[in-house]
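Below is one structure, written out as structure tokens; the observations come after it.
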Amino acid sequence: MSHYPDADYLTGAYQPGQFYADQGAEVAFAGRSNAGKSSAINVIVNRTNFARVSKSPGRTQLINFFLLRKAADGASAAGQQRIVDLPGYGFAKVTQSMQQHWQQLMGAYFESRRSLAGLFVIVDIRRGIGDYDRQMLAWAAQLGCPAHVLLTKADKLKRGAAKAALLQAQKTLQQEGYGDAVSVQLFSALKRAGADDARTVLDAMLNGA
Ligand SMILES: Nc1nc2c(ncn2[C@@H]2O[C@H](COP(=O)(O)OP(=O)(O)O)[C@@H](O)[C@H]2O)c(=O)[nH]1
Ligand SMILES: [Mg+2]
């Protein structure tokens, strides 16, 4: 079953001037390189190779915009719902100029994007929430945007260990004062586990709930 029959690639932006029209609503997906962000998007949208699963982490420095639902009139950006694949971070082998470019592009996105309705942060469950993930959560909090953490690759841990990692992440977020603004769940693209819960959160963000 296709949850998002309108889903389609819109555009990639290397510079802020190339961002898609800032109308309608969009949820951005952030994560450390190789965390499993593209795989998570594919499972949530239920399309194979929709967002490309990368063999060369750290290479993509584009912000990719995807259509999720068309506007009622079929065409205008104003009533659209989108998801946005933000460039991955934390890859060891990036040059300083790539790092600077990443900071500028991401900073411009979070500072300018009025259609941003929520943030998904994709975290490899074995690593836990890291410093860059925190920067993303802080940006969202500053904008008053809800955020949702997917602890992905949960299939790599035994059930008990995955549960413990979930509790640890929840505790960390509470201690850091996010309260109800940030939620967290287990996810596995490999087992397609957690996709329904993720879609429920995504749709609530896009509908401004
Ligand atoms: N076992 C397992 N591997 C995964 C999962 N999600 C992604 N991967 C693998 O992790 C690598 C990075 O995935 P990708 O989606 O490209 O990560 P991205 O760089 O964050 O977009 C790929 O080899 C994927 O096959 C998952 O849920 N379970
Ligand atoms: Mg990717």
### Cross-chain or 6+ apart pairs with Cβ under 7 Å, segment 90-112 first and within 14 Å of residue 62 (Cα to Cα), then surrounded by 18 or more Cβ atoms within 10 Å (Cβ to Cβ) and β-branched (Val, Ile, Thr)
105/63; 109/63
### Summary
Given (1) touching a residue at least 40 places away in the same chain (Cβ under 8 Å); (2) more than 16 Å from ligand 1 (Cβ to nearest atom); (3) not hydroxyl-bearing (Ser, Thr, Tyr), residue 65 misses just (2)
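Any read-out appearing in this document is the output of simple, stated calculations on the displayed coordinates, not a laboratory observation. What you see is a predicted model, and the numbers here were worked out from it, not measured in a lab. In this analysis, Cβ positions are derived from the backbone assuming ideal geometry, glycine residues included, and neighbour counts consider all displayed protein chains.
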